[in-house]
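Below: the structure, in C-alpha coordinates.
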Amino acid sequence: MEGKVAGQFFSDNSIMSNPVAGLVIGVLVTVLVQSSSTSTSIIVSMVASSLLTVRAAVPIIMGANIGTSITNTIVALVQAGDRNEFRRAFAGATVHDFFNWLSVLVLLPLEAASHYLEIVTNLVVESFHLKNGEDAPELLKVITDPFTKLIVQLDKEVINQIAMKDEAAQNKSLIKIWCYSITNVTEMNVTIPSPENCTSPSLCWTDGFQTWTLQNVTQEVNIAKCTHIFVNFNLPDLAVGIILLVFSLLVLCGCLYMIVKLLNSVLKGQVAVVIKKTLNTDLPFPFGWVTGYLAILVGAGMTFIVQSSSVFTSALTPLIGLGVITIERAYPLTLGSNIGTTTTAILAAMASPGSTLKSSLQIALCHFFFNISGIILWYPIPFTRLPIRLAKGLGSISAKYRWFAVFYLIFFFFLIPLAVFGLSLAGWPVLVGVGAPIIFLLLLVLLLRILQSRCPRVLPRKLQNWNFLPLWMHSLKPWDNLISLLASCCQRRCCCCCRVCCALCGCPSCCRCSKCCEDLEEAQEPSKDIPIKTPEAFDNMALSTEAHDGVKPKADALGAKTTAF
(Lines give C-alpha, C1' and ligand atoms only; values in the text may rest on other atoms or scores of the structure.)
Protein backbone atom coordinates (compact mmCIF):
# COMPACT_ATOMS: atom_id res chain seq x y z
CA MET A 1 0.00 0.00 0.00
CA GLU A 2 2.78 2.43 0.96
CA GLY A 3 4.65 1.51 -2.20
CA LYS A 4 1.66 2.46 -4.37
CA VAL A 5 1.34 5.78 -2.56
CA ALA A 6 5.05 6.40 -3.07
CA GLY A 7 4.77 5.67 -6.77
CA GLN A 8 1.78 7.99 -7.16
CA PHE A 9 3.58 10.78 -5.29
CA PHE A 10 6.65 10.55 -7.48
CA SER A 11 4.72 10.32 -10.74
CA ASP A 12 3.22 13.83 -10.41
CA ASN A 13 5.76 15.95 -12.30
CA SER A 14 3.82 19.18 -11.71
CA ILE A 15 4.64 18.85 -8.01
CA MET A 16 8.19 17.61 -8.59
CA SER A 17 9.11 20.82 -10.41
CA ASN A 18 8.87 22.63 -7.05
CA PRO A 19 12.06 21.84 -5.06
CA VAL A 20 10.38 22.51 -1.70
CA ALA A 21 7.51 20.17 -2.59
CA GLY A 22 10.03 17.56 -3.75
CA LEU A 23 11.87 17.87 -0.43
CA VAL A 24 8.80 17.30 1.75
CA ILE A 25 7.57 14.47 -0.50
CA GLY A 26 10.93 12.76 0.00
CA VAL A 27 10.50 13.17 3.77
CA LEU A 28 6.89 11.92 3.84
CA VAL A 29 7.45 8.92 1.58
CA THR A 30 10.59 7.79 3.42
CA VAL A 31 8.81 8.14 6.78
CA LEU A 32 5.88 6.20 5.32
CA VAL A 33 7.88 3.26 3.96
CA GLN A 34 10.60 3.50 6.67
CA SER A 35 13.25 2.93 4.04
CA SER A 36 15.28 5.49 2.14
CA SER A 37 16.48 2.73 -0.19
CA THR A 38 12.89 2.09 -1.38
CA SER A 39 12.17 5.74 -2.12
CA THR A 40 15.61 6.23 -3.66
CA SER A 41 15.16 3.18 -5.92
CA ILE A 42 11.91 4.64 -7.24
CA ILE A 43 13.64 7.97 -7.91
CA VAL A 44 16.51 6.24 -9.71
CA SER A 45 14.15 4.22 -11.91
CA MET A 46 12.18 7.35 -12.82
CA VAL A 47 15.34 9.28 -13.71
CA ALA A 48 16.63 6.34 -15.72
CA SER A 49 13.31 6.24 -17.60
CA SER A 50 13.41 10.01 -18.29
CA LEU A 51 10.21 10.54 -16.28
CA LEU A 52 12.08 12.71 -13.79
CA THR A 53 15.10 14.91 -14.37
CA VAL A 54 18.17 14.84 -12.17
CA ARG A 55 17.49 18.46 -11.22
CA ALA A 56 14.01 17.61 -9.91
CA ALA A 57 15.23 14.44 -8.18
CA VAL A 58 17.94 16.10 -6.04
CA PRO A 59 15.50 17.71 -3.51
CA ILE A 60 13.70 14.38 -3.15
CA ILE A 61 17.02 12.71 -2.33
CA MET A 62 17.57 15.37 0.36
CA GLY A 63 14.12 14.66 1.78
CA ALA A 64 14.81 10.92 1.85
CA ASN A 65 17.97 11.66 3.83
CA ILE A 66 15.85 13.46 6.46
CA GLY A 67 13.06 10.89 6.57
CA THR A 68 15.35 7.97 7.33
CA SER A 69 16.51 9.64 10.59
CA ILE A 70 13.11 9.17 12.27
CA THR A 71 13.86 5.53 13.13
CA ASN A 72 16.59 6.12 15.71
CA THR A 73 14.54 9.01 17.17
CA ILE A 74 11.70 6.55 17.81
CA VAL A 75 14.22 4.14 19.32
CA ALA A 76 15.18 6.79 21.89
CA LEU A 77 11.60 6.81 23.24
CA VAL A 78 12.18 3.31 24.65
CA GLN A 79 14.49 4.83 27.30
CA ALA A 80 11.97 7.43 28.46
CA GLY A 81 11.62 5.69 31.85
CA ASP A 82 14.86 7.19 33.17
CA ARG A 83 15.29 10.95 32.73
CA ASN A 84 19.09 10.86 32.46
CA GLU A 85 19.17 8.00 29.99
CA PHE A 86 16.39 9.59 27.97
CA ARG A 87 18.17 12.95 27.93
CA ARG A 88 21.31 11.40 26.48
CA ALA A 89 19.52 8.96 24.16
CA PHE A 90 17.19 11.55 22.67
CA ALA A 91 20.06 13.99 22.18
CA GLY A 92 22.14 11.27 20.50
CA ALA A 93 19.25 10.36 18.21
CA THR A 94 18.26 13.90 17.22
CA VAL A 95 21.83 14.94 16.40
CA HIS A 96 21.21 13.03 13.15
CA ASP A 97 17.97 14.97 12.60
CA PHE A 98 19.60 18.35 13.19
CA PHE A 99 22.49 17.53 10.87
CA ASN A 100 20.10 16.64 8.04
CA TRP A 101 17.75 19.60 8.61
CA LEU A 102 20.59 22.14 8.86
CA SER A 103 22.27 20.71 5.77
CA VAL A 104 19.03 21.01 3.81
CA LEU A 105 18.43 24.58 5.02
CA VAL A 106 21.80 25.60 3.57
CA LEU A 107 22.21 23.30 0.58
CA LEU A 108 18.67 23.28 -0.85
CA PRO A 109 18.65 27.05 -1.62
CA LEU A 110 22.23 26.73 -2.90
CA GLU A 111 21.25 23.84 -5.18
CA ALA A 112 18.13 25.67 -6.39
CA ALA A 113 20.23 28.73 -7.28
CA SER A 114 23.38 27.14 -8.71
CA HIS A 115 22.56 23.41 -9.31
CA TYR A 116 26.04 22.61 -8.06
CA LEU A 117 25.24 18.98 -7.16
CA GLU A 118 23.91 18.31 -10.63
CA ILE A 119 26.93 19.98 -12.28
CA VAL A 120 29.57 18.31 -10.08
CA THR A 121 28.08 14.82 -10.40
CA ASN A 122 27.71 15.23 -14.16
CA LEU A 123 31.41 16.11 -14.43
CA VAL A 124 32.33 13.10 -12.30
CA VAL A 125 30.16 10.72 -14.35
CA GLU A 126 31.47 12.09 -17.63
CA SER A 127 35.05 11.46 -16.48
CA PHE A 128 34.31 7.75 -15.95
CA HIS A 129 34.59 5.12 -18.67
CA LEU A 130 31.26 3.56 -17.86
CA LYS A 131 30.57 -0.11 -18.44
CA ASN A 132 27.83 -2.41 -17.24
CA GLY A 133 28.61 -3.52 -13.74
CA GLU A 134 28.10 -6.73 -11.91
CA ASP A 135 25.48 -7.26 -9.25
CA ALA A 136 26.00 -5.13 -6.15
CA PRO A 137 27.10 -7.15 -3.09
CA GLU A 138 24.26 -8.15 -0.80
CA LEU A 139 25.96 -8.59 2.55
CA LEU A 140 23.17 -8.38 5.12
CA LYS A 141 20.44 -9.55 2.71
CA VAL A 142 22.08 -12.97 2.49
CA ILE A 143 20.99 -13.47 6.11
CA THR A 144 17.69 -11.59 6.14
CA ASP A 145 16.19 -12.50 2.76
CA PRO A 146 15.34 -16.15 3.60
CA PHE A 147 13.33 -14.98 6.62
CA THR A 148 11.60 -12.01 4.99
CA LYS A 149 10.57 -14.12 2.00
CA LEU A 150 8.76 -16.46 4.37
CA ILE A 151 6.63 -13.52 5.63
CA VAL A 152 5.85 -11.61 2.43
CA GLN A 153 7.24 -10.99 -1.06
CA LEU A 154 6.51 -7.81 -2.99
CA ASP A 155 6.55 -7.19 -6.70
CA LYS A 156 8.77 -4.12 -7.06
CA GLU A 157 8.03 -3.92 -10.77
CA VAL A 158 4.47 -2.86 -9.94
CA ILE A 159 5.74 0.13 -7.94
CA ASN A 160 7.99 1.17 -10.80
CA GLN A 161 5.14 0.77 -13.30
CA ILE A 162 2.90 3.00 -11.16
CA ALA A 163 5.65 5.61 -10.96
CA MET A 164 5.95 5.43 -14.75
CA LYS A 165 2.19 6.11 -15.12
CA ASP A 166 1.34 2.65 -16.43
CA GLU A 167 -2.46 2.49 -16.16
CA ALA A 168 -2.42 -1.30 -16.27
CA ALA A 169 -0.51 -1.39 -12.96
CA GLN A 170 -3.06 0.62 -10.98
CA ASN A 171 -5.20 -2.41 -10.21
CA LYS A 172 -2.36 -4.86 -9.73
CA SER A 173 -1.50 -6.18 -6.28
CA LEU A 174 1.93 -5.65 -4.76
CA ILE A 175 1.77 -9.09 -3.16
CA LYS A 176 3.75 -11.53 -5.25
CA ILE A 177 1.86 -14.80 -5.83
CA TRP A 178 3.83 -16.69 -8.48
CA CYS A 179 7.58 -16.91 -7.92
CA TYR A 180 8.46 -19.29 -10.75
CA SER A 181 7.11 -18.99 -14.29
CA ILE A 182 8.28 -19.75 -17.81
CA THR A 183 7.62 -18.04 -21.12
CA ASN A 184 6.53 -20.17 -24.09
CA VAL A 185 6.62 -18.98 -27.68
CA THR A 186 4.32 -20.94 -30.02
CA GLU A 187 3.05 -20.51 -33.58
CA MET A 188 -0.69 -19.98 -33.72
CA ASN A 189 -3.36 -19.00 -36.23
CA VAL A 190 -4.66 -15.56 -35.32
CA THR A 191 -7.33 -13.31 -36.80
CA ILE A 192 -6.15 -10.04 -38.37
CA PRO A 193 -8.11 -7.01 -39.69
CA SER A 194 -6.97 -7.23 -43.31
CA PRO A 195 -4.48 -9.06 -45.58
CA GLU A 196 -2.05 -6.14 -45.21
CA ASN A 197 -1.39 -7.33 -41.63
CA CYS A 198 -0.25 -10.78 -42.70
CA THR A 199 3.23 -11.82 -41.69
CA SER A 200 3.81 -13.23 -45.16
CA PRO A 201 1.64 -13.65 -48.32
CA SER A 202 2.19 -17.40 -48.16
CA LEU A 203 0.92 -17.49 -44.56
CA CYS A 204 -2.34 -15.65 -45.17
CA TRP A 205 -5.81 -17.16 -45.54
CA THR A 206 -9.17 -15.57 -46.10
CA ASP A 207 -12.39 -17.29 -45.06
CA GLY A 208 -15.40 -15.18 -45.89
CA PHE A 209 -15.09 -11.99 -43.86
CA GLN A 210 -12.17 -13.20 -41.71
CA THR A 211 -8.47 -13.15 -42.48
CA TRP A 212 -6.04 -15.52 -40.80
CA THR A 213 -2.27 -15.60 -40.50
CA LEU A 214 0.39 -17.52 -38.62
CA GLN A 215 2.17 -15.59 -35.81
CA ASN A 216 4.42 -16.32 -32.84
CA VAL A 217 2.44 -15.89 -29.63
CA THR A 218 4.20 -15.45 -26.28
CA GLN A 219 2.52 -16.97 -23.26
CA GLU A 220 3.66 -16.82 -19.62
CA VAL A 221 2.95 -20.05 -17.76
CA ASN A 222 2.97 -19.99 -13.95
CA ILE A 223 4.82 -22.97 -12.49
CA ALA A 224 5.06 -22.57 -8.71
CA LYS A 225 3.61 -20.23 -6.10
CA CYS A 226 5.64 -18.32 -3.56
CA THR A 227 5.93 -19.71 -0.04
CA HIS A 228 5.16 -16.63 2.07
CA ILE A 229 2.33 -16.36 4.61
CA PHE A 230 -0.10 -14.27 2.54
CA VAL A 231 0.10 -16.22 -0.72
CA ASN A 232 -3.25 -18.03 -0.27
CA PHE A 233 -5.23 -15.47 1.76
CA ASN A 234 -6.32 -13.17 -1.12
CA LEU A 235 -6.24 -10.14 1.20
CA PRO A 236 -6.16 -6.60 -0.22
CA ASP A 237 -2.88 -4.70 -0.08
CA LEU A 238 -4.24 -2.35 2.60
CA ALA A 239 -5.06 -5.21 4.97
CA VAL A 240 -1.67 -6.85 4.44
CA GLY A 241 0.06 -3.50 4.98
CA ILE A 242 -1.76 -2.90 8.30
CA ILE A 243 -1.01 -6.43 9.53
CA LEU A 244 2.68 -6.12 8.67
CA LEU A 245 2.88 -2.62 10.20
CA VAL A 246 1.42 -3.76 13.52
CA PHE A 247 3.57 -6.89 13.55
CA SER A 248 6.77 -4.98 12.70
CA LEU A 249 6.11 -2.34 15.39
CA LEU A 250 5.56 -5.06 18.01
CA VAL A 251 8.76 -6.84 16.98
CA LEU A 252 10.69 -3.55 16.89
CA CYS A 253 9.52 -2.46 20.35
CA GLY A 254 10.16 -5.91 21.79
CA CYS A 255 13.67 -6.07 20.34
CA LEU A 256 14.50 -2.55 21.50
CA TYR A 257 13.25 -3.31 25.00
CA MET A 258 15.37 -6.46 25.17
CA ILE A 259 18.43 -4.62 23.80
CA VAL A 260 18.14 -1.87 26.41
CA LYS A 261 17.65 -4.39 29.23
CA LEU A 262 20.55 -6.51 28.01
CA LEU A 263 22.87 -3.52 27.72
CA ASN A 264 21.79 -2.30 31.16
CA SER A 265 22.73 -5.65 32.69
CA VAL A 266 26.00 -6.12 30.79
CA LEU A 267 27.44 -2.62 30.64
CA LYS A 268 27.82 -2.03 34.35
CA GLY A 269 30.70 -1.64 36.73
CA GLN A 270 34.23 -2.13 35.45
CA VAL A 271 33.07 -3.35 32.04
CA ALA A 272 31.28 -0.07 31.38
CA VAL A 273 34.30 1.93 32.53
CA VAL A 274 36.66 0.06 30.19
CA ILE A 275 34.34 0.29 27.17
CA LYS A 276 33.57 3.96 27.78
CA LYS A 277 37.27 4.79 28.13
CA THR A 278 38.17 2.87 24.98
CA LEU A 279 35.46 4.33 22.75
CA ASN A 280 35.74 7.93 23.92
CA THR A 281 39.53 8.28 24.12
CA ASP A 282 41.25 10.46 21.53
CA LEU A 283 44.51 9.64 19.80
CA PRO A 284 47.69 10.96 21.46
CA PHE A 285 48.80 14.53 20.78
CA PRO A 286 49.25 15.91 18.14
CA PHE A 287 46.89 13.49 16.34
CA GLY A 288 43.83 14.02 18.53
CA TRP A 289 42.00 15.83 15.74
CA VAL A 290 42.24 12.71 13.55
CA THR A 291 40.06 10.68 15.96
CA GLY A 292 36.78 12.15 14.69
CA TYR A 293 37.66 11.46 11.08
CA LEU A 294 38.55 7.87 11.95
CA ALA A 295 35.13 7.60 13.61
CA ILE A 296 33.55 8.82 10.36
CA LEU A 297 35.35 6.04 8.48
CA VAL A 298 34.24 3.47 11.07
CA GLY A 299 30.63 4.64 10.78
CA ALA A 300 30.79 4.47 6.99
CA GLY A 301 32.31 0.97 7.08
CA MET A 302 29.80 -0.42 9.57
CA THR A 303 26.88 1.02 7.61
CA PHE A 304 28.27 -0.47 4.40
CA ILE A 305 28.37 -3.88 6.10
CA VAL A 306 24.79 -3.77 7.42
CA GLN A 307 23.57 -1.78 4.37
CA SER A 308 21.31 0.42 6.49
CA SER A 309 22.05 3.69 8.26
CA SER A 310 18.88 3.26 10.34
CA VAL A 311 20.14 -0.04 11.75
CA PHE A 312 23.53 1.40 12.68
CA THR A 313 22.28 4.64 14.24
CA SER A 314 19.48 2.80 16.07
CA ALA A 315 22.10 0.50 17.59
CA LEU A 316 24.09 3.53 18.75
CA THR A 317 21.13 5.20 20.49
CA PRO A 318 20.84 2.82 23.51
CA LEU A 319 24.63 3.01 24.01
CA ILE A 320 24.45 6.81 24.09
CA GLY A 321 21.59 6.64 26.59
CA LEU A 322 23.60 4.39 28.89
CA GLY A 323 26.54 6.79 28.73
CA VAL A 324 28.86 4.27 27.05
CA ILE A 325 29.37 6.54 24.02
CA THR A 326 29.37 10.30 24.34
CA ILE A 327 27.35 12.39 21.93
CA GLU A 328 30.59 14.04 20.77
CA ARG A 329 31.86 10.62 19.65
CA ALA A 330 28.50 9.46 18.31
CA TYR A 331 28.25 12.54 16.06
CA PRO A 332 31.10 11.58 13.67
CA LEU A 333 29.91 7.96 13.70
CA THR A 334 26.49 9.19 12.53
CA LEU A 335 28.06 11.33 9.82
CA GLY A 336 30.00 8.31 8.62
CA SER A 337 26.76 6.33 8.59
CA ASN A 338 25.27 8.95 6.24
CA ILE A 339 28.17 8.36 3.85
CA GLY A 340 28.04 4.58 4.19
CA THR A 341 24.41 4.37 3.16
CA THR A 342 25.21 6.11 -0.13
CA THR A 343 27.91 3.59 -1.12
CA THR A 344 25.29 0.85 -1.41
CA ALA A 345 23.31 3.02 -3.83
CA ILE A 346 26.47 3.71 -5.85
CA LEU A 347 27.24 0.00 -6.12
CA ALA A 348 23.64 -0.73 -7.10
CA ALA A 349 23.82 2.01 -9.75
CA MET A 350 27.02 0.50 -11.15
CA ALA A 351 25.05 -2.69 -11.76
CA SER A 352 22.56 -0.88 -14.02
CA PRO A 353 22.42 -1.57 -17.78
CA GLY A 354 24.37 0.70 -20.07
CA SER A 355 21.33 2.70 -21.17
CA THR A 356 20.50 3.80 -17.62
CA LEU A 357 23.91 3.63 -15.97
CA LYS A 358 24.81 7.30 -16.30
CA SER A 359 21.62 8.75 -14.81
CA SER A 360 21.46 6.11 -12.05
CA LEU A 361 25.05 6.76 -11.03
CA GLN A 362 24.56 10.53 -11.15
CA ILE A 363 21.63 10.38 -8.69
CA ALA A 364 23.59 8.10 -6.35
CA LEU A 365 26.53 10.52 -6.47
CA CYS A 366 24.18 13.45 -5.73
CA HIS A 367 23.26 11.70 -2.49
CA PHE A 368 26.94 11.10 -1.72
CA PHE A 369 28.07 14.67 -2.40
CA PHE A 370 25.13 16.08 -0.45
CA ASN A 371 26.31 14.27 2.68
CA ILE A 372 29.93 15.24 2.01
CA SER A 373 28.86 18.88 1.70
CA GLY A 374 26.96 18.63 4.98
CA ILE A 375 30.01 17.24 6.76
CA ILE A 376 32.16 20.07 5.40
CA LEU A 377 29.61 22.55 6.76
CA TRP A 378 28.99 21.09 10.21
CA TYR A 379 32.05 19.13 11.33
CA PRO A 380 35.65 20.26 10.59
CA ILE A 381 35.57 23.43 12.73
CA PRO A 382 34.41 22.76 16.34
CA PHE A 383 32.49 26.06 16.36
CA THR A 384 30.30 24.87 13.48
CA ARG A 385 29.15 21.66 15.21
CA LEU A 386 25.73 23.15 15.85
CA PRO A 387 23.86 19.81 15.67
CA ILE A 388 25.54 18.72 18.92
CA ARG A 389 24.51 21.85 20.83
CA LEU A 390 20.99 21.84 19.43
CA ALA A 391 20.54 18.12 20.17
CA LYS A 392 21.73 18.59 23.75
CA GLY A 393 19.27 21.43 24.27
CA LEU A 394 16.42 19.37 22.85
CA GLY A 395 17.47 16.39 24.97
CA SER A 396 17.30 18.48 28.14
CA ILE A 397 13.86 19.85 27.27
CA SER A 398 12.55 16.38 26.36
CA ALA A 399 13.90 14.86 29.57
CA LYS A 400 12.04 17.47 31.61
CA TYR A 401 8.84 17.42 29.51
CA ARG A 402 8.78 13.94 28.05
CA TRP A 403 5.61 14.58 26.05
CA PHE A 404 7.62 17.10 24.03
CA ALA A 405 9.56 14.26 22.38
CA VAL A 406 6.36 12.88 20.85
CA PHE A 407 5.30 16.38 19.83
CA TYR A 408 8.69 16.88 18.15
CA LEU A 409 8.31 13.69 16.10
CA ILE A 410 4.78 14.47 14.97
CA PHE A 411 5.44 18.15 14.28
CA PHE A 412 8.72 17.94 12.35
CA PHE A 413 8.20 14.67 10.47
CA PHE A 414 4.47 14.86 9.71
CA LEU A 415 2.75 18.21 10.31
CA ILE A 416 5.37 20.52 8.77
CA PRO A 417 5.94 18.36 5.66
CA LEU A 418 2.17 17.94 5.17
CA ALA A 419 1.56 21.67 5.58
CA VAL A 420 4.32 22.58 3.12
CA PHE A 421 3.07 19.96 0.67
CA GLY A 422 -0.47 21.34 0.88
CA LEU A 423 0.76 24.88 0.27
CA SER A 424 2.86 23.64 -2.65
CA LEU A 425 -0.25 22.21 -4.30
CA ALA A 426 -1.72 25.73 -4.26
CA GLY A 427 1.29 27.08 -6.17
CA TRP A 428 4.44 29.12 -5.57
CA PRO A 429 2.65 32.41 -4.73
CA VAL A 430 0.71 30.81 -1.87
CA LEU A 431 3.76 28.96 -0.56
CA VAL A 432 5.90 32.10 -0.57
CA GLY A 433 3.09 34.28 0.81
CA VAL A 434 2.57 32.02 3.81
CA GLY A 435 6.13 30.79 4.29
CA ALA A 436 8.02 34.08 3.99
CA PRO A 437 6.38 35.80 7.04
CA ILE A 438 6.87 32.66 9.15
CA ILE A 439 10.55 32.40 8.18
CA PHE A 440 11.04 36.13 8.85
CA LEU A 441 9.45 35.75 12.31
CA LEU A 442 11.66 32.75 13.14
CA LEU A 443 14.79 34.63 12.06
CA LEU A 444 13.74 37.63 14.16
CA VAL A 445 13.23 35.43 17.23
CA LEU A 446 16.62 33.80 16.64
CA LEU A 447 18.33 37.19 16.33
CA LEU A 448 16.69 38.43 19.55
CA ARG A 449 17.70 35.25 21.36
CA ILE A 450 21.33 35.67 20.31
CA LEU A 451 21.38 39.32 21.34
CA GLN A 452 19.74 38.51 24.68
CA SER A 453 22.42 35.95 25.50
CA ARG A 454 25.46 37.75 24.04
CA CYS A 455 24.93 41.49 24.35
CA PRO A 456 21.58 42.35 25.97
CA ARG A 457 22.60 46.00 26.57
CA VAL A 458 22.04 46.88 22.92
CA LEU A 459 18.37 45.95 23.27
CA PRO A 460 15.64 48.00 24.94
CA ARG A 461 14.98 46.91 28.51
CA LYS A 462 11.67 45.34 27.53
CA LEU A 463 13.31 43.12 24.90
CA GLN A 464 16.16 41.89 27.12
CA ASN A 465 14.02 38.90 28.11
CA TRP A 466 10.79 37.23 27.04
CA ASN A 467 8.74 38.30 30.04
CA PHE A 468 6.80 40.80 27.94
CA LEU A 469 5.06 37.84 26.28
CA PRO A 470 2.40 35.68 27.95
CA LEU A 471 3.93 32.78 29.84
CA TRP A 472 2.48 30.15 27.48
CA MET A 473 4.29 31.76 24.52
CA HIS A 474 7.82 31.45 25.95
CA SER A 475 7.64 28.54 28.39
CA LEU A 476 6.53 24.92 28.22
CA LYS A 477 5.41 24.92 31.86
CA PRO A 478 1.79 26.02 31.16
CA TRP A 479 1.53 23.45 28.38
CA ASP A 480 2.91 20.79 30.72
CA ASN A 481 0.27 21.73 33.28
CA LEU A 482 -2.39 21.61 30.59
CA ILE A 483 -1.37 18.13 29.42
CA SER A 484 -1.20 16.89 33.02
CA LEU A 485 -4.64 18.31 33.75
CA LEU A 486 -6.12 16.80 30.60
CA ALA A 487 -4.61 13.44 31.48
CA SER A 488 -6.25 13.48 34.91
CA CYS A 489 -9.42 15.25 33.77
CA CYS A 490 -11.66 12.26 34.35
CA GLN A 491 -10.32 11.67 37.86
CA ARG A 492 -11.24 15.07 39.39
CA ARG A 493 -14.46 16.98 39.84
CA CYS A 494 -13.38 20.28 38.27
CA CYS A 495 -14.50 20.68 34.67
CA CYS A 496 -11.97 20.45 31.83
CA CYS A 497 -12.68 24.01 30.62
CA CYS A 498 -11.76 25.42 34.02
CA ARG A 499 -8.57 23.35 34.10
CA VAL A 500 -7.47 24.83 30.77
CA CYS A 501 -8.31 28.33 32.06
CA CYS A 502 -6.35 27.73 35.28
CA ALA A 503 -3.32 26.49 33.38
CA LEU A 504 -3.14 29.29 30.81
CA CYS A 505 -4.36 32.52 32.43
CA GLY A 506 -4.16 31.88 36.17
CA CYS A 507 -7.83 32.81 36.68
CA PRO A 508 -8.23 36.26 38.29
CA SER A 509 -10.90 36.71 40.95
CA CYS A 510 -13.41 37.98 38.39
CA CYS A 511 -13.17 34.72 36.42
CA ARG A 512 -15.95 32.19 36.93
CA CYS A 513 -13.30 29.45 37.23
CA SER A 514 -11.38 31.15 40.08
CA LYS A 515 -13.08 29.02 42.76
CA CYS A 516 -12.19 25.87 40.87
CA CYS A 517 -8.53 26.99 40.64
CA GLU A 518 -8.41 27.61 44.40
CA ASP A 519 -9.74 24.12 45.05
CA LEU A 520 -7.08 22.64 42.76
CA GLU A 521 -4.28 24.54 44.52
CA GLU A 522 -5.52 23.37 47.93
CA ALA A 523 -5.62 19.80 46.65
CA GLN A 524 -2.06 20.03 45.38
CA GLU A 525 -0.50 21.67 48.48
CA PRO A 526 0.01 18.49 50.56
CA SER A 527 1.98 16.91 47.72
CA LYS A 528 4.68 19.58 48.00
CA ASP A 529 5.99 18.06 51.23
CA ILE A 530 6.32 14.58 49.75
CA PRO A 531 9.98 13.88 48.93
CA ILE A 532 10.78 12.74 45.42
CA LYS A 533 13.12 9.82 45.01
CA THR A 534 16.10 10.82 42.92
CA PRO A 535 17.32 8.26 40.36
CA GLU A 536 20.69 6.75 41.13
CA ALA A 537 22.03 7.61 37.70
CA PHE A 538 21.50 11.37 38.07
CA ASP A 539 24.77 12.79 36.83
CA ASN A 540 23.26 16.17 35.98
CA MET A 541 23.43 18.29 39.15
CA ALA A 542 21.14 21.03 37.84
CA LEU A 543 18.42 18.55 36.91
CA SER A 544 18.90 16.62 40.15
CA THR A 545 18.54 19.76 42.26
CA GLU A 546 15.39 20.77 40.41
CA ALA A 547 13.79 17.35 40.86
CA HIS A 548 14.75 17.15 44.55
CA ASP A 549 13.83 20.64 45.70
CA GLY A 550 10.91 21.37 43.41
CA VAL A 551 12.52 24.65 42.30
CA LYS A 552 10.84 26.16 39.28
CA PRO A 553 13.33 26.33 36.41
CA LYS A 554 14.18 29.59 34.74
CA ALA A 555 14.75 27.86 31.40
CA ASP A 556 11.95 27.93 28.91
CA ALA A 557 11.22 26.87 25.36
CA LEU A 558 12.99 29.85 23.85
CA GLY A 559 15.72 30.37 26.40
CA ALA A 560 16.44 26.89 27.70
CA LYS A 561 19.90 26.50 29.15
CA THR A 562 21.89 23.66 27.67
CA THR A 563 22.56 20.99 30.24
CA ALA A 564 26.10 19.65 30.42
CA PHE A 565 26.42 16.18 28.96
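Remark: spin-label model distance residue 402-residue 315 equals 2.8 nm, labels positioned 7 Å along the Cα→Cβ axis.
Measuring with a 1.4 Å probe in the full set of protein chains, what accessible area per residue, in whole Å², belongs to region 191-263?
Working: 5310 Å² over 73 residues.
With the other protein chains kept in place, region 191-263 gives 73 Å² per residue.
Cross-link check: pairs 392/477; 277/392; 149/261 evaluated at a Cα-Cα cut-off of 23 Å; pairs beyond the cut-off: 149/261. Each residue of region 377-389 in turn: what ³J(HN,Hα) in whole Hz from Karplus with 6.51, -1.76, 1.60 and θ = phi - 60°, glycine and Pro shown as x? Values, residue by residue: 6, 10, 10, x, 8, x, 5, 8, 7, 5, x, 5, 5 Hz. Check which residues have an amide H placed less than 5 Å from residue 211's amide H, if you skip close sequence neighbours. Excluding prolines and chain starts, which carry no amide H, the hits are 192.
What are the ³J(HN,Hα) values, in whole Hz, obtained from phi via the Karplus relation 6.51 cos²θ - 1.76 cosθ + 1.60 with θ = phi - 60°, for each residue of region 430-438 in sequence order, with x given for Gly and Pro? Computed from phi, the couplings for region 430-438 are 5, 4, 5, x, 8, x, 4, x, 5 Hz. Taking θ as phi - 60° and the Karplus parameters 6.51, -1.76 and 1.60, the scalar couplings of region 99-109 work out to 4, 5, 5, 5, 4, 5, 4, 8, 7, 5, x Hz in sequence order, x denoting glycine and proline.
The values are calculated or read from the model by the stated rules, or taken from the named source; none is laboratory data. Every value quoted in this text rests on a predicted model; they were computed, and no experiment measured them. Backbone-built Cβ (ideal geometry, glycine too); neighbour counts: all protein chains shown. Ligands, DNA and RNA are excluded from the accessible area calculation, which covers all protein heavy atoms including side chains. Shrake-Rupley method; radii C 1.70, N 1.55, O 1.52, S 1.80 Å.
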